[in-house]
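Visitor: Below you will find the structure I want to go over with you.
The values are calculated or read from the model by the stated rules, or taken from the named source; none is laboratory data. These figures come from a predicted structure and were not determined experimentally. Here the Cβ positions follow ideal geometry from the backbone for every residue, glycine too, while neighbour counts run over all protein chains shown.
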């Protein structure tokens, strides 16, 4: 079989199994309750598997490994936060939410405060969170198909998005519960079994980690015994090559390709008072022939320029000075190197060169490998407060903000929370949550190992930012090509299961918001159940199309980072509503609405602005502290939301619903007492 046919077979089998299971389950989906909450009849084991399958998205299967490979062990906060958030759900939200017995989370918003207007606010955030969450799933689809079949990024998005949209429109929640439960076990198999094989060949996790931690000043290296070529990117923020400040790096922009260099400057942002660094010290262009002088002049001009005939760039570390004196940190001189930004990219080759071939002027470290651009040093990569959290110079602030977003955001994701309505009662909802914590914990044991192996075995991914594809590409390194293709097929199928199960849940949640909350409760309250089912299917198609379009815009962002942003929005909007709404009788609709709007919308605005700055759609010179809290807004947005809810509720205490005591009893009293009546029983 050809190189790509085996992974393709595994993907086709996964898609086929998904569609067949969905069709089989659809035969039982007849009523609105079947479509929205699976008739509230899903048992603990099945629902725990389904929730785990839905929760383990492309961020969990592909993104965490990629983020750990890219940034190091700071990224471990993602799996820790993803799993720990269920403890908050278990203790405070799962039981009360199920006892309320609605179809959607906006149902809870309206029913808790007797406010149809508040439903509209709640629906807005279902859509905000949902669309932010669908974008990384679509990216996962695009890069998976691009990796195994060479398809353009957009083709993978269209194919996968269409299949999932069809499945959800066909069977709703009843149709995807069995599918998601199956997909959890498929993902667990796909993340673990290939890894055991790779560790048997390349060495254990402990040995790999020791090889990194034992050389803190070294970094990821690319083999230069033979010229190593990778494709550069021209899409911000992946269009930059930051060279090593530890030793010289040589790259070859090959003849026969068109490049446009947008900017060359120091990789380290100069601090106030530091001396400017001349480009001639950072980069030495080597170009033979009649146009050699012209190319060198263009490179060192500091202006954008084009290269069509090829050039070698020798990039050297340069000491940072202040007033002519070296800047020191911890008794050592601070060094920087070149950062090259492409407007038009192409193949970037690390040639097998020596100091002599560069006329003896570059301080090259001779050997068989070279530090790959964009790779952080081992010491920074393997320790806390590494390149991810210290990106803007406030690592502790960034870390705590990320933890708040992940832990509180888990308890504020509508597409996850709605699954608790599928349990028969509140007690089974809490038992389901406990088992979800166990299942997620088992899965997340494996993701860091993939990240470490990617750093050691596929350092070329640092050049073009292809970290999210590491789980799919690593098995192809095996000498046994057939075994490598089979294992790559297994991980590809697991990746498909990841974004298919999560995207299915998101479609159900958002389609339910359109069909049940907007159409059935706001636009046409007298609509028949059959009309609402039609609206659900139409909404599923519409949401699927919009999600695919949004997926085309986020190719350059890390999958796990995008999911973290969805968590931050959920933490600042739904988490305060559900926590205070379930446990504080003094919460009013005015307080809840003000808190959700202020905290939720401000976090959305901060994240969108940060994305536009990263993609260089906007150019603003903001202080590092501002950029840090924009990229991770939970540390201020969650307290803002909760504080606003409390203050406004105190100011509108006369607006507390008259039957609030009965509602609190319904939320917390055991079902056996008889007060727990479903808000919607249809």
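Visitor: More than 26 Å from the chain's Cα centre (by Cα), surrounded by fewer than 24 Cβ atoms within 10 Å (Cβ to Cβ) and either part of a helix (DSSP H, G or I) or not assigned by TED's automatic domain parsing to the domain that holds residue 184 (or both) - does that describe any residue in segment 131-146? Working first, answer last.
Guide: Initially, segment 131-146 is screened for residues more than 26 Å from the chain's Cα centre (by Cα), giving none.
No - not one qualifying residue is present in segment 131-146.
Visitor: Hey, another quick one. Look at segment 241-252 and say how many of its residues are crowded, with 23+ Cβ neighbours inside 10 Å and either more than 32 Å from the chain's Cα centre (by Cα) or at positive phi (or both).
Guide: Summing the residues that are crowded, with 23+ Cβ neighbours inside 10 Å and either more than 32 Å from the chain's Cα centre (by Cα) or at positive phi (or both) in segment 241-252 gives 1.
Visitor: Output yes when any residue across segment 436-452 is out of contact with any strand residue (DSSP E or B) (no Cβ under 8 Å at 6 or more places or on another chain) and not in a helix (DSSP H, G or I), and no when none is. Lay out the reasoning, then the answer.
Guide: So the first thing to find is which residues in segment 436-452 are out of contact with any strand residue (DSSP E or B) (no Cβ under 8 Å at 6 or more places or on another chain), and the list is 436-452.
Keeping just the survivors that are not in a helix (DSSP H, G or I) gives 445-446.
Within segment 436-452, one or more residues are out of contact with any strand residue (DSSP E or B) (no Cβ under 8 Å at 6 or more places or on another chain) and not in a helix (DSSP H, G or I).
Visitor: I've got another one for you. Looking at (1) in a helix (DSSP H, G or I); (2) in contact (Cβ under 8 Å) with a residue 24 or more places away in the chain, which one does residue 484 not meet, given that it meets all the others?
Guide: (2)
Visitor: For segment 73-121, give me every one of the helices (runs of 4 or more DSSP H) that falls completely inside it and has 3 or more residues that are within 21 Å of residue 442 (Cα to Cα) and within 28 Å of the chain's Cα centre (by Cα).
Guide: Counting at least 3 such residues, we get 77-88.
Visitor: Then there's this: In segment 534-554, how many are buried (at least 21 other Cβ atoms within 10 Å of the Cβ) and touching a residue at least 40 places away in the same chain (Cβ under 8 Å)?
Guide: Final tally of qualifying residues: 7.
Visitor: So, one more: Run residue 261 past the list (1) under 30 Å from residue 392 (Cβ atoms); (2) buried (at least 17 other Cβ atoms within 10 Å of the Cβ); (3) more than 32 Å from the chain's Cα centre (by Cα) and report the number of the one that doesn't hold.
Guide: Result: residue 261 passes all but (3).
Visitor: Any residue at all in segment 515-529 that is modelled with pLDDT under 90, within 30 Å of residue 404 (Cβ to Cβ) and in a helix (DSSP H, G or I)? Lay out the reasoning, then the answer.
Guide: Quick first cut of segment 515-529, residues modelled with pLDDT under 90 only: 515-529.
Next, only the ones that are within 30 Å of residue 404 (Cβ to Cβ) stay: 517.
Now drop any that are not in a helix (DSSP H, G or I), which leaves 517.
Yes, segment 515-529 contains at least one residue that is modelled with pLDDT under 90, within 30 Å of residue 404 (Cβ to Cβ) and in a helix (DSSP H, G or I).
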